[in-house]
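Take a look at the structure set out below.
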Amino acid sequence: MTIFSRIIAGEIPCYKIAEDDHFFAFLDINPLQKGHTLVIPKREVDYIFDLSDQEIADMQVFAKRIAIAIKKAIPCVKVGQCVLGLEVPHAHIHLVPMQSEKDMRFGSETKKLSPEEFQQIATEIRAQL
Ligand code: 5GP
């Protein structure tokens, strides 16, 4: 079971944004920017391009809904989207609010937020769904 499956199951806490029958969105615990969110399929698949055509299309539509809410909640120029998947073997889309290109530089220092700040950000994004 991946760490993300354990988050979906509620065994590991997260700052949840949304879920439906097939997908789940929650704040990245090491955010590049405030509002950095991960969108994952509930089905445990490592490599995103091993998802079926229908799953990947549905996941993108789900991520779009989340990205629109993030943009309303967090001041930014655009919400960027990226797929890496080298750390956690459970497919995920990163959604990151950007002011400029450098805000999506993976590998750069991440923001240190308090539990209260995470909670506040999650509440603000959820309010825009
Ligand atoms: P990637 O696999 O795309 O390289 O990165 C995995 C992402 O998952 C990282 O941005 C990392 O901060 C995030 N991550 C890893 N473990 C956890 C966790 O237990 N909870 C949350 N919310 N995010 C995690």
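The values are calculated or read from the model by the stated rules, or taken from the named source; none is laboratory data. From a predicted model like this one, the values you see are computed outputs, not experimental measurements. Counting neighbours? That spans all protein chains shown, and the Cβs are built from the backbone with ideal geometry, glycine included. Side chains are part of the model used for accessible areas, which takes the heavy atoms of the whole protein and leaves out ligands, DNA and RNA. Shrake-Rupley method; radii C 1.70, N 1.55, O 1.52, S 1.80 Å.
Between Lys34, Lys71, Lys102, the distinction of being in a helix (DSSP H, G or I), closer than 16 Å to Arg126 by Cβ and basic (Lys, Arg) belongs to Lys71 only. State yes or no: is Ile12 assigned to a loop (DSSP other than H, G, I, E, B), within 16 Å of the ligand (Cβ to nearest atom), of a type in the set (Val, Ile, Thr) and on the phi < 0 side of the Ramachandran plot? Yes: the conditions hold for Ile12.
Of all the criteria given as (1) β-branched (Val, Ile, Thr); (2) within 16 Å of the ligand (Cβ to nearest atom); (3) more than 14 Å from the chain's Cα centre (by Cα), the one not satisfied by Val39 is (3).
Within the stretch 22-43, residues that are touching a residue at least 24 places away in the same chain (Cβ under 8 Å) and farther than 13 Å from Phe62 by Cα sit with their Cβ atoms under 6 Å from residues that are in a strand (DSSP E or B) and of a type outside the set (Asp, Glu), at 6+ positions apart or across chains, in these pairs: Leu27/Thr37; Asp28/Leu38; Leu32/Val96; Gln33/Val96; Gln33/Pro97; Gly35/Pro97; His36/Val96.
Inside the stretch 105-121, residues that are open to solvent by 90 Å² or more (accessible area, probe 1.4 Å), free of Cβ contacts under 8 Å to residues at least 24 places away in the same chain and part of a loop (DSSP other than H, G, I, E, B) make up a count of 2. Quick check on Gln54: is it under 14 Å from the mean Cα position of the chain (by Cα) and more than 23 Å from Arg6 (Cβ to Cβ)? No.
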